[in-house]
Amino acid sequence: ELTAKGKKVYRQALEARLARDIELLWHNYSELDLKELIDRVYKTYPWFTVNSQFSSKRKMQKSKADCANYTIGYQSFQVDGLLNKLLECGIGTLIDTRSNPVSRRYGFHKSSLSKLCSSVGIGYSHRPEVGIPSSWRQELETDAEYRKLFHRYEVEILPAQTEAVREIAWQMSDGPAALLCRESEPAHCHRTILANSLSKINGLKIVDLLAPLAEDRLLIKFQTPLV
């Protein structure tokens, strides 16, 4: 049942989808005692036993992806959905590339995201030096505006962060890791430009976890010279 704190939060304005999910959970499971609830989850949702503290009861094992320059945007996720996607894809480390890792949405602030990643066995690191300043991203709409932004990123930020880029490139080679930013569309995010630079160093392919594409297809749109 909801605690006093939970009831207080629930009375506040919630996203409609989240409020609906809470109602559904209460309706389906509130009459089960703890053992019944655990048994139901283990039987019905075997994937969610991968992190069980009872190793003998795990119905599935974590997967581990091959190394690549993985990227992902969190725009379309609740934080639990993002973590689940990373686990499903076998990602061991999340590299946050936001220059300012603050979000009004629960779980995406740097401190919260770091703790939540740790709770499911995913490493977290923040590399703000390879991010794009928030002030640069205001009112972007056209392809030309995105091209101009990413050109500026390539000529002003990446050359000044050579050592950081090399460190991240070799980190991607040490184990499956993913670059994180907000944008869902990889062609509208600097993480794709960064991944291209990493690939030149470590030789690994670029894979966006939401829409896996070949490296050349990911980069066609914004690697053309400015006129």
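The values are calculated or read from the model by the stated rules, or taken from the named source; none is laboratory data. Predicted, not measured: the structure shown is a model, and the values here were computed from it. Neighbour counts are summed over all protein chains in view; Cβ atoms, including those assigned to glycine, are modelled from backbone coordinates with ideal geometry. For accessibility, only protein heavy atoms count, side chains too; no ligands or nucleic acids. Shrake-Rupley method; radii C 1.70, N 1.55, O 1.52, S 1.80 Å.
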Mind checking the dipole of the stretch 113-167: about its Cα centre, +1 per Lys or Arg Cβ, -1 per Asp or Glu Cβ, Debye to the nearest 20?
-> 200
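Could you sort PHE150, PHE54 by their accessible area in this structure, using a 1.4 Å probe and putting the largest first?
Details: PHE150 0, PHE54 100 Å².
My answer, sorted largest first, is PHE54, PHE150.
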Just the accessible area for PHE48, please: 1.4 Å probe, Å², rounded to the nearest 10?
-> 130
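How much mean residue ellipticity at 222 nm does the chain get from its helices, if each DSSP H run of length 4 or more adds -39500 (n - 2.57) and you divide by all residues, to the nearest 500 deg cm²/dmol?
Working: 9 runs with 95 residues, N = 227.
Here the helix-only value at 222 nm equals -12500 deg cm²/dmol.
Compute the length gained on full extension between LYS148 and ASP66: take 0.36 nm times their separation in residues and subtract their Cα-Cα distance, giving the result in nm to one decimal.
Values: separation 82, 0.36 × 82 = 29.52 nm, distance 3.35 nm.
Length gained, LYS148 through ASP66: 26.2 nm.
For ASP66, ASP96, write out the residues from largest to smallest accessible area, computed with a 1.4 angstrom probe and no ligands counted. Please list the in-between numbers first.
Numbers: ASP66 125, ASP96 0 Å².
So the residues, ranked largest to smallest area, are ASP66, ASP96.
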Those aspartates and glutamates that a straight Cα-Cα span of less than 16 Å connects to LYS110, excepting residues fewer than 8 apart in one chain | ASP80, ASP96, GLU129
Dipole magnitude of the stretch 66-218 about its Cα centre (Cβ charges: Lys, Arg +1; Asp, Glu -1), debye to nearest 20 = 340
Between THR162 and SER119, the FRET efficiency computed from the C-beta separation at R0 = 35 Å comes out, to the nearest 0.05, as 0.55
The stretch 18-119: GluC sites (Glu not before Pro) in DSSP coil with no more than 12 other Cβ atoms inside 10 Å = GLU31
So how exposed is HIS27, as accessible area in Å² (1.4 Å probe, rounded to 10)?
-> 140
Kirkwood hydrodynamic radius of the chain, from inverse mean 1/r over distinct Cα pairs, in Å | 19.5
Reachable lysines, given that their alpha-carbon falls under 18 Å from the alpha-carbon of LYS62 and they are not under 8 places away in the same chain | LYS43, LYS85
